[in-house]
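Read the structure below first, then the notes.
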Ligand code: AFP
């Protein structure tokens, strides 16, 4: 596949390489790209179309929803439930599985998504994104249950995100087929392949963590960051730089482009809330872990591979340590030594 080809062509070519493909997967990816283009347009217009600010509602996590959280969720529902390519939809913005309007048209896939991740950044015009994960629906079952969505990350057929930044970039990882980046050409409304077979550099000197949580961190995280901060004079023997966008899509995109490590670890504050992490497993940690692993990086909870976690509910949370393999290995080793 050559640089400059369209996402549509890439999807069709990918389909040709899968003997069992029926075209449904192609249709599903196309629905997702349509949703992302519409969201890109809304994010881009922002205040001009009254899209900034809060809605008068909370999502299932108890977080105040932004107007764009609500609208982008509706965009996803509309684009994904009309064409019969999925059998069910889970979104960060909805408590339960979304009931498909036309039960007679069910596809072979289940979609899990965060339509607008990093939404606290919208009002200050900083990058946000959409994250999605695709798994297979059970065969011969009319209505998928919650349990059907609760598959390990290793079962994902594909995962991706769309970053709404200075450019709109859709990153796609079809299982076993690497990681491809497509940039939206707004002039003719197509995603164009701009980087193929992306590989994360193994070594890095850049970390991303919310340091305001430092006093709550567990010892292995404290140790790792402390050693990074000691720079050339410390045990790591090199100076590190730090970034924190508070938008996971932007952090993962930076890591795919130039390496780095991103951490939202388990800490005492999260535990005191009775939670198992900050980020959501099914539509944040799992899809990002598939992308990062396919790009040669690693993704763990600090203790185990994220893709092998056994989920028990659709909105559950998990600790996340992902990025350049050598750094993730150091953090994971510190946890397992402790
Ligand atoms: P929102 O979508 O609620 O803004 O959360 C974004 C996010 O899930 C992830 O994208 C960021 O990495 C992380 O939360 C930021 O969390 P902090 O605000 O605690 O730094």
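Descriptive notes on the structure:
- Members of segment 320-333 that are more than 14 Å from the chain's Cα centre (by Cα) and either within 22 Å of residue 197 (Cα to Cα) or without any contact (Cβ under 8 Å) to a residue 24 or more places away in the chain (or both): 324, 325, 326, 327, 328, 333
- Boolean, residue 53 is over 27 Å from residue 124 (Cβ atoms) and either surrounded by fewer than 22 Cβ atoms within 10 Å (Cβ to Cβ) or modelled with pLDDT of 90 or more (or both): no
- Residue, surrounded by the fewest Cβ atoms within 10 Å (Cβ to Cβ), within segment 152-181, restricted to residues that are over 16 Å from the mean Cα position of the chain (by Cα) and under 16 Å from residue 295 (Cα atoms): 176
- When residues of segment 222-237 are limited to those that are in a loop (DSSP other than H, G, I, E, B) and touching a helix residue (DSSP H, G or I) at 6+ places or on another chain (Cβ under 6 Å), the one surrounded by the fewest Cβ atoms within 10 Å (Cβ to Cβ): 235
- Taking segment 251-262 as the range and being in contact with a strand residue (DSSP E or B) (Cβ under 6 Å, 6 or more places away or on another chain), more than 10 Å from the ligand (Cβ to nearest atom) and outside any helix (DSSP H, G or I) as the test, the residues that pass are 260, 261.
- Residues located in segment 263-319, provided they are under 24 Å from residue 180 (Cβ atoms), free of Cβ contacts under 8 Å to residues at least 40 places away in the same chain and assigned to a helix (DSSP H, G or I): 293
- So residue 9, is it buried (at least 19 other Cβ atoms within 10 Å of the Cβ), at pLDDT 90 or above and either out of contact with any helix residue (DSSP H, G or I) (no Cβ under 6 Å at 6 or more places or on another chain) or not assigned by TED's automatic domain parsing to the domain that holds residue 123 (or both): no
- Flag for residue 248 being buried (at least 16 other Cβ atoms within 10 Å of the Cβ), within 19 Å of residue 333 (Cβ to Cβ), in the same structural domain as residue 318 (by TED's automatic domain parsing) and within 13 Å of the ligand (Cβ to nearest atom): no
- Meets criteria (surrounded by fewer than 20 Cβ atoms within 10 Å (Cβ to Cβ), outside any loop (DSSP other than H, G, I, E, B) and more than 21 Å from the chain's Cα centre (by Cα)) for residue 41: no
- Those residues of segment 235-250 which are over 14 Å from residue 299 (Cβ atoms) and in contact with a strand residue (DSSP E or B) (Cβ under 8 Å, 6 or more places away or on another chain), in sequence order: 240, 241, 242, 243, 244, 245, 247, 249, 250
- Subset of segment 200-221 (residues that are at pLDDT 95 or above, exposed (fewer than 14 other Cβ atoms within 10 Å of the Cβ) and more than 16 Å from the ligand (Cβ to nearest atom)): 219
- Among all positions in segment 63-70, there is no residue which is more than 16 Å from the ligand (Cβ to nearest atom) and outside the structural domain of residue 254 (by TED's automatic domain parsing).
- Inclusion of residue 123 among residues that are at pLDDT below 90 and within 23 Å of residue 252 (Cα to Cα) is warranted.
- Matching residues, segment 265-279, being surrounded by 23 or more Cβ atoms within 10 Å (Cβ to Cβ) and out of contact with any helix residue (DSSP H, G or I) (no Cβ under 8 Å at 6 or more places or on another chain): 266
The values are calculated or read from the model by the stated rules, or taken from the named source; none is laboratory data. Values in this document were obtained by computation on a predicted structure and should not be read as measured data. In this analysis, Cβ positions are derived from the backbone assuming ideal geometry, glycine residues included, and neighbour counts consider all displayed protein chains.
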